[in-house]
Amino acid sequence: MAFQIPTVKYSGKINQVPVGAKKVLLGGQTAYNFHTFEGEFPNKPKIALDVWDYDPKDEWPAALVEAFQGVTGDPAAWAKKCVEYGADIVVLHLKSSDPNAQNTGAAEAIANVQKVLDAVDVPVIVFGVDNKDKDVETLAAIAEKFAGKNLVLGPVTDKNYKQIGAQALAYGHTVIARSPIDVNLAKQLNILLTGLGLPLDKIIVDPTTGGLGYGMEYGYSVMERIQMAALVQQDDNLQQPMISFFGEDVWKTKEASLPTAENPQLGDAQCRGVLMEVTEAVAVLHAGISVISMRHPASVKIVREYIDKVTDGGAVSGGLPEVPITKF
Amino acid sequence: MALTGIQIFKMLPGTNCKKCGAATCLAFAMNLASGKAELDACPDVSAESREKLSAASAPPIRPLIIGYGPTATKIGGETVLFRHEKTFYNPTGIAALINDSESDADIAAKVKRFQKLQYLRVGLNLRPELVVVKGGARLAEAAKAVVDNSDLSVILYSEDVAALKKATDALAGKNPLIGPATKANAADVAALAKEAKVPVWLKAVNIDEVAELTKTLTAAGIKDIVIDSGARTVKDAFTDSLGIRRAALGGNRDYGFPTIAFPVEITDNLAMQTAVAAALIAKYAGVVVLSDLDGASVFPLLLERLNIFTDPQRPMTVVQDIYPINNPDENSPVLVTTNFSLTYFIVSGEVEGSRVPSWLLIKDSEGLSVMTAWAAGKFSGDDVGMYVKKSGIADKIKHKSIIIPGYAAAILGDMEEELQGWKVAIGPREAAHLPKFLKEFKVS
Ligand code: SF4
């Protein structure tokens, strides 16, 4: 007898958000991610790679630095490299603007955005440092300067949504609404932003993700609950595509940069961080995420193949990165 | 539909004969209702009641145990589709596949390496626990090489029932999961499993055939069944796993068993196997089988498993204690914060990322975050000071400096009063600023 998967009755839909000048589409699904047997899944999740506005080679693990050898000091060359590596989206992190670090100003930020926009034609996310005042200073100026480019600006929080939201609205950009691992706070911030007049196709939600092994489950379950509210309970204040920035957490861990010889039980140092990134990527993708922000090109290759095959079916392609077995 | 204890009680003999181990029929009924007992324990229940009760009282997904000793792995027993709806109980078993064509010496070396893949994390020992031994002619010898050289538990993989029998005998007392039972051999595998009292896995040609095979095995008296739907593509593996879980929770008894998935038979590439396993740990597999166990792949999967199978309803706290991070010594800085587990994870993650060897003191604050705990008086200067004194940290360090969270800056005065001779420093408000703070911090 033929088996029928018991299907879910969906009543909602994730709003479709076009980003960048080329209008790459995010969201739009009418079922949980990859549930192609019971709903529409028009836009596969997108993969973003990080670019920093200063050279992080002294801070980043060797595996990452090697992958971007020669370009980490130059946002334009770095962004190009990301696209070469298959990134759908580039995230320009305005790390140098952190008041606790170099505290560079809006002029520098604008110059770096310009460099990246000139170098690549994929959508660009311009990301601040999660400092409510500093981000207003840089992102508001960027919004105005790049009017009509449909940049994605973030993070916008309940502390600065008015200033950044208003600028995004005035100059035609999209925002990333970040709230701290809580369904109601995510919803609240959405209501505040739409209250400003920001249209639903201009908001992406960042519900905040914990790192793998560092409380990932809290963010994971908040994502699943948001998807459930959006698709099954038709809560139209939660129907935005979601983004997850876990690459940062993964590469910050001690394990991501420990040399192989120091702890061979943890396997090859080159591979370990990549597979931590891949593991968390796959988990959050199944929890409903539409854009993942990662750091390593090998992760992009593996996760892209995963997304393609779990969506479309078919056999796994060749040419994927190999995992060397560490003997000890 | 689950029955209440009282409803069950009405169907029991009512003699309070204690043969089931419970003091009274009512006590036994209550145990049955909460899943703590099995109906089989009562020898006197009528056939009619038995039928009604076993249908109603069995959990939607059969729980069962594979293996023995420290690697005995309980799978199944799940009751929800999303962990936030209750919790996921039994973590997915992680296995590597070994062919019996490999020499005993190679197998011994491999499983010794697998056994060393153990990681201590927040007081828990994380490790992969299973090996699948596949083949025929040398199945028993290969399986023996696994248990003689490691404490890993075994899943046997051979359609040759004679080979399976020999290997099952060789693993007497080690409770292997044996199979696969297929349409061709199900009756023989069932007979073998019944005699050896071990669980069975079945391999269907597709998800439709699963029901036919579980029916055959159940009719033969087998209860502990693990399902392989036969899926060998990424998409089918995910969709079948989801379909089986939904069907089981919807009351479809033919699919009410834990599953085993074979990323190793989907692709040779271990990186992609890892991705598939990551999906199936979150989405319902009982066991995932990889081509090899290597830290680069297994460690991330173990972390994911730890996270996904954490009970979302338990109070989100970590144990009050001294947590050494990055191998601290007597000159390393000391930080104190609350025992809300998210606070702990974020703070310890940042400290770890800073590479600065440090001592992290976790003070019981009833699971509240710093700001809330301080506002609720659960993180007062006297309290924290007193805890620092009795924690024993003074014996581990040569200095008397301690860093408090920026959001609890107000407790500084009371704390210094309680901790005579100590210097209390105010740390940053946001954990993200800890690395910079620690790098610049000097103990005194
Ligand atoms: S064995 Fe059966 S009849 Fe005897 S006390 Fe237990 S439930 Fe009652």
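Since every read-out is calculated from the coordinates, none of them should be taken as a lab result. As the structure is a computational prediction, the values presented were derived from the model and not from experiment. A quick note on method: Cβ atoms are made from the backbone with ideal geometry, for glycine too, and the neighbour counts reach across all protein chains shown.
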What residues qualify as long-range amide H neighbours of B:Ile403, i.e. H under 5 Å apart, gap of 5 or more or another chain, H built at 1.01 Å from N? B:Val334, B:Leu335, B:Val336, B:Ala425
Pull up the cross-link candidates among the lysines for B:Lys110, meaning alpha carbon to alpha carbon under 23 Å and not fewer than 8 places away within one chain. A:Lys327, B:Lys134, B:Lys144, B:Lys166, B:Lys174
Rounded, prolate or oblate (a/c below 1.5 giving rounded, otherwise prolate when a/b exceeds b/c) for segment A:172-212 by Cα gyration tensor: oblate
What FRET efficiency comes out for A:Val65 versus A:Asn100 if R0 is 35 angstrom and r is the Cβ-Cβ distance? Round to the nearest 0.05. 0.95
5 angstrom amide H check on A:Val24, placed H, neighbours 5+ away: A:Val19
List the lysines whose Cα lies under 20 Å from the Cα of B:Lys235, skipping any in the same chain that are fewer than 8 positions away. A:Lys44, A:Lys46, A:Lys301, A:Lys309, B:Lys203, B:Lys283
Shielding by partners, peptide B:231-243 (average Cβ within 10 angstrom, other chains): 5
Proximal lysines to B:Lys18, defined as alpha-carbon separation beneath 20 angstrom and excluding residues fewer than eight positions away on the same chain: B:Lys10, B:Lys36
Phi-derived 3J(HN,Hα) across segment B:281-291 with the Karplus relation (6.51, -1.76, 1.60, θ = phi - 60°), rounded Hz, x for Gly and Pro, is 5, 6, 10, 5, 6, x, 9, 10, 10, 10, 7
Is it possible to state the helix-based mean residue ellipticity at 222 nm for the protein assembly as shown, with each DSSP H run of 4+ residues giving -39500 (n - 2.57), the sum divided by total residues, to the nearest 500 deg cm²/dmol? What is it? -11500 deg cm²/dmol
Restricting to DSSP loop positions (anything but H, G, I, E, B) with no more than 12 other Cβ atoms inside 10 Å of their own Cβ, which GluC sites (Glu not before Pro) remain in segment B:286-359? B:Glu330
Let me know the mean shielding of A:318-327 by other chains, meaning the per-residue number of their Cβ atoms within 10 Å of its Cβ. 5
Give me the inter-chain shielding for B:288-298: mean count of other chain Cβ atoms within 10 Å, whole number please. 6
Select from segment A:1-56 those trypsin sites (Lys or Arg not before Pro) which occupy a DSSP coil region and have at most 16 other Cβ atoms within 10 Å, ordered by residue number. A:Lys9, A:Lys22, A:Lys23
Phi angles of segment B:76-83, converted by Karplus (6.51 cos²θ - 1.76 cosθ + 1.60, θ = phi - 60°) into ³J(HN,Hα) in whole Hz with x for Gly and Pro, give x, x, 7, 10, 9, 8, 10, 4
Using DSSP to call loops (not H, G, I, E or B), can you name the GluC sites (Glu not before Pro) in segment B:1-91 whose Cβ has at most 15 other Cβ atoms within 10 angstrom? B:Glu38
For segment A:140-225, give the magnitude of the charge dipole about the Cα centre (Cβ charges: +1 Lys/Arg, -1 Asp/Glu; no others), in debye to the nearest 20. 280
Sites A:Gln16 and B:Asp44, calculated FRET efficiency, Cβ-Cβ separation with R0 60 Å, nearest 0.05: 0.40
Using the Karplus curve 6.51 cos²θ - 1.76 cosθ + 1.60 with θ = phi - 60°, what ³J(HN,Hα) values do you get for each residue of segment B:349-365, in whole Hz, with x for Gly and Pro? x, 5, 5, 4, x, 6, 6, 7, x, 8, 9, 10, 8, 9, 9, 4, 10
A:Met242 long-range amide H proximity, modeled H, under 5 Å: A:Val205, A:Ser290, A:Val291
